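Everything below concerns the one structure shown next.
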Amino acid sequence: MNEERLRDAQALFGEILALDPRHAPAWRGLALLARATGAAGAERALLDRAVQSAPESADLRLEYATVLERQGELEGAERQLTDVCRRRPDSAALWQALGIARQTLGETAAAREAYRRACMLEPGAERQLKLATLLSPVAASRESIAAERREIEAATDAILAGPPHDLGDPMRASPWPHFYSAYHAESNRTLHTKEAAMYRHLFPSLDYVAPHCRGRSRGGERIRVGLISQFFRDHSIGRTSRGFFSQLDRGSFEVTAIFVPPAVDDAYSRFIRAHADRSIDLPADLAAARSLIAEARLDVLFYQDIGMEPFSYFLAFARLAPVQCVSFGHPDTTGVATMDYFVSNDWYETPDAANHYSERLFTLRGLPTLAYYFRPERGAARHERETFGIARERHVYLCPQNLFKVHPDMDALVAEILRRDPHGELVAIEGRVGHWTGLLRSRWAAAMPDVMERVRFLPRMDSQRYVDLIACADVMLDTPHFNGMNTSLEALAVGTPVVTWPGEFQRGRHTQAMYRAMDLDDGVVDCARAYVERALELGTDAARRDTLSRKIRDRSRALFEDARVVREFERFFRAAVEMGTPA
């Protein structure tokens with residue numbers, strides 16, 4: 001719409017509203033014009049006026065909810081959808097939309113109720129799928145984790161017991177991969193394998209084989225390796241991946257960077273593009289993306305993460321290279337039959353670790369991390385404690401992980417530390433979804449009401465400010481069951497001690513390997529009681545803390561820009577191409 005017609009339309013709607021200020025279609029018309037000009041704030045405000053003018057209109061409320069959700073106002077969207085469902089209780093589509101909004105907020109019980117209403121009104125496998133993938137981002141308790149896992153397994157079994165379907169493109173079903181199950185402190189091999197079978201049961205289009213994978217012959221040229229992710233940007237995956245692109249031996253390997261949409265242009269993505277032999281930007285269509293990757297005729301397709309978003313998860317169901325592998329980017333088994341290898345590290349794994357993976361486990365040897373990681377540097381303009389509103393006399397116990405990493409088992413540890421150190425303050429970072437912060441705050445308020453005044457949630461921040469916050473802390477508390485990777489490396493780079501309690505699974509054993517590489521064990525403990533004692537010792541004893549900090553700074557060079565990591569991955573690529581797909 002050109003500017004003259006836009007002004008004419010705005011004037012016309014204005015004339016209507018001058019005669020009738022409660023003319024809802026005119027307010028909606030102005031909102032549509034605002035959307036056309038990119039005025040998101042105005043669009044929302046105008047739709048709000050439309051809803052106020054016609055509160056009985058379910059259509060207007062649904063449109064308003066969609067705009068609120070698009071702009072991140074999830075709680076407002078949920079309220080609108082709740083009202084829409086009250087007005088149209090016979091609409092399965094509306095109940096499903098309400099379930100999605102509640103699931104995004106982390107209100108899992110309420111989401112389950114909405115999904116069940118949708119299933120009762122219009123039974124079908126696509127609606128059952130919502131119940132089979134419903135997990136809380138912030139678990140309420142160990143008991144709630146167990147209950148939710150039983151619910152999704154029962155829903156998955158019900159789908160698998162039914163007839164096969166062809167629901168078309170899985171991305172159109174608004175899928176919700178099993179991301180949060182990695183944070184349950186449970187083996188997910190059986191569950192994830194069953195969920196992958198469910199998706200093949202519902203979406204036969206996932207069973208794609210690239211033409212060059214039907215034969216096993218290859219020439220003597222360089223091994224063609226493709227690295228794929230949606231997160232080749234300023235993100236934990238971008239930070240752990242970029243070293244591969246700059247360091248892999250180009251005499252033996254041809255390296256392709258595959259960008260899953262939406263691609264982001266920043267310093268990290270530009271670095272990756274500059275150091276790859278070629279880059280592929282995938283379209284936002286699974287079938288077209290599969291064809292484009294197939295044309296590259298890769299020998300190895302290395303997923304930097306699977307399960308963090310749906311697009312790459314569903315790509316992994318296809319056979320796009322003779323060897324397909326995944327590693328620590330999202331450190332959990334995929335359950336996907338076409339994923340051949342899980343590449344790990346002998347310092348990360350326990351003796352029976354192979355049982356944790358649906359993939360064949362291939363262990364690299366003697367590495368502190370599985371990334372050629374560039375040492376984080378603090379900027380010239382450094383943020384000190386006062387910047388974050390933290391008093392200098394406080395003992396700062398920092399837990400800056402994403403909130404879904406904070407397992408209920410950690411609650412008692414935090415409570416005991418704060419109770420025994422009256423000058424202690426726990427500092428955490430607000431959730432990616434604001435409502436999640438309230439969920440964790442409520443859980444902690446129930447577990448430790450007597451010390452909640454010394455729990456502080458800081459707003460999310462850029463990476464430089466984040467490293468400065470870590471440097472301000474006295475102690476970092478590593479989350480049990482799912483440790484830090486980037487976060488621990490950032491802490492050790494600036495000398496902040498990390499207290500870690502290694503668990504059963506790889507995802508809970510990263511930080512102890514870093515200490516092992518530095519020949520230090522001061523931050524590594526073997527039980528809950530020792531975790532609390534070590535945190536208190538380092539938090540309250542400045543001399544001991546400073547001594548350990550100096551040792552960490554002196555020895556942390558062992559963690560960064562380690563070419564052995566790349567050489568070990570090269571060993572894997574050669575061996576995997578030689579061995580081929582595991583039987």
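Need the full-extension length gain, Phe457 to Glu153, defined as separation in residues times 0.36 nm minus the C-alpha distance. One decimal, nm. Numbers along the way, then the final one.
Numbers: separation 304, 0.36 × 304 = 109.44 nm, distance 3.43 nm.
Full extension from Phe457 to Glu153 adds 106.0 nm.
Only counting other Cβ atoms within 10 Å, I'd like Glu195, Glu561 sorted with the fewest neighbours first. Walk me through the numbers before you get to the answer.
Values: Glu195 24, Glu561 14.
Arranged by neighbour count, lowest to highest, Glu195, Glu561 become Glu561, Glu195.
I need the per residue convex hull volume for the range 32-173, using only the alpha carbons, in cubic angstrom as a whole number.
Details: hull volume 17.0 nm³, N = 142.
Once divided by residue count, the hull of the range 32-173 is 120 Å³.
What label, among (1) 1.02; (2) 1.09; (3) 0.99, belongs to Rg/Rh (Cα atoms, Kirkwood Rh) computed from the structure on display?
Computed from these coordinates, Rg/Rh (Cα atoms, Kirkwood Rh) corresponds to label (3).
Multiply the residue gap between Leu121 and Phe374 by 0.36 nm, knock off their C-alpha separation, and tell me the result in nm, one decimal place. Display every interim value, and only then the final one.
On the way: separation 253, 0.36 × 253 = 91.08 nm, distance 5.41 nm.
Roughly 85.7 nm would be gained on extension.
Using θ = phi - 60° and the Karplus relation 6.51 cos²θ - 1.76 cosθ + 1.60, list the HN-Hα couplings for the range 324-334 in order, rounded to whole Hz, with x at every Gly or Pro.
So the Karplus estimates, Gly and Pro as x, are 10, 9, 9, 9, 8, x, 10, x, 8, 5, 8 Hz.
Among Ala263, Ala321, Leu202, whose Cα projects farthest towards the positive end of the dipole of the chain, with charges put on the beta-carbon of Lys, Arg (+1) and Asp, Glu (-1)?
Of the candidates, Ala321 comes out farthest on the positive side.
Over all Cα pairs of the range 153-214, how is the pair count split among 5 Å bins, expressed in % and running from 0 up to the last occupied bin?
3, 15, 22, 23, 17, 12, 6, 1
Can you give the extra length, in nm with one decimal, that the chain gains between Glu3 and Ala542 once fully stretched, where that is 0.36 nm per residue apart less the Cα-Cα distance? Can you show the working numbers first?
Values: separation 539, 0.36 × 539 = 194.04 nm, distance 6.57 nm.
Length gained between Glu3 and Ala542: 187.5 nm.
Sticking with the crude label model, points 7 Å out along Cα→Cβ, report the distance from Ala109 to Glu15 in nm, one decimal please.
5.6 nm
Mind checking which of Trp444, Pro459, Ser549 is farthest towards the positive end of the range 385-559's charge dipole, using Cβ charges of +1 (Lys, Arg) and -1 (Asp, Glu) about the Cα centre?
Farthest towards the positive end: Pro459.
Find how many whole Å separate the alpha carbon centroid of the range 400-421 from the alpha carbon centroid of the range 277-302.
42 Å
Given axes a ≥ b ≥ c from the Cα gyration tensor, I'd like to know whether the range 385-559 is rounded (a/c under 1.5), prolate (a/b larger than b/c) or oblate.
Rounded is the answer for the range 385-559, as its axis ratio a/c remains below 1.5.
Check the straight Cα-Cα distances from Lys405 and name the lysines below 17 Å, setting aside those fewer than 8 residues away within the same chain.
Result set, ordered by chain and number: empty.
If you average the C-alpha positions of the range 101-136 and of the range 438-494 separately, how far apart do those two centres end up, in angstrom?
Spelled out, the Cα-based centre of one part sits 31 Å from the other.
Is there a quick way to get the dipole size of the range 124-202? I mean about its Cα centre, with the Cβ of Lys and Arg at +1 and of Asp and Glu at -1; what is the value in debye to the nearest 20?
Values: 9 positive and 10 negative charges, 13 e Å.
Roughly 60 debye for the range 124-202.
Assign unit charges at the C-beta atoms only (+1 for Lys and Arg, -1 for Asp and Glu), then state the dipole size of the range 370-522 relative to its Cα centre in Debye, rounded to the nearest 20. Please list the in-between numbers first.
On the way: 19 positive and 21 negative charges, 82 e Å.
With only Lys, Arg, Asp and Glu charged at Cβ, the dipole is about 400 debye.
If amide H atoms are built 1.01 Å from N in the plane of the peptide, which residues on other chains or at least 5 residues away come under 5 Å of the amide H of Arg360?
Residues meeting the amide H criterion: Tyr341, Phe342.
Residues with amide H under 5 Å of Gly424's amide H, sequence separation 5 or more or different chain, H placed in the peptide plane at 1.01 Å from N; which?
His395
For the range 285-386, which GluC sites (Glu not before Pro) are both in a DSSP coil and crowded by at most 12 other Cβ atoms within 10 Å?
Values: sites: Glu295, Glu349, Glu359, Glu377, Glu384, Glu386; in loops: Glu349, Glu359, Glu377, Glu384.
Within the range 285-386, the qualifying GluC sites (Glu not before Pro) (loop, at most 12 other Cβ atoms within 10 Å) are Glu377, Glu384.
Of the GluC sites (Glu not before Pro) in the range 26-90, which ones lie in a loop per DSSP and count no more than 10 other C-beta atoms within 10 Å?
Numbers: sites: Glu43, Glu56, Glu63, Glu69, Glu73, Glu75, Glu78; in loops: Glu56, Glu73.
Passing sites in the range 26-90 are Glu56.
Taking the alpha-carbon distance from Lys130 and a cut-off under 20 Å, which lysines remain once sequence neighbours fewer than 8 residues away in the same chain are dropped?
List returned: Lys194.
Glu430's amide H: which non-local residues (gap 5+, or another chain) put their own amide H closer than 5 Å, with H modeled 1.01 Å from N in plane and none for Pro or chain starts?
Residues meeting the amide H criterion: Leu458, Arg460.
A short reminder: the numbers here are calculations on the coordinates, not readings from a lab. Remember, predicted model here, so these are calculated numbers, not experimental data. A quick note on method: Cβ atoms are made from the backbone with ideal geometry, for glycine too, and the neighbour counts reach across all protein chains shown.
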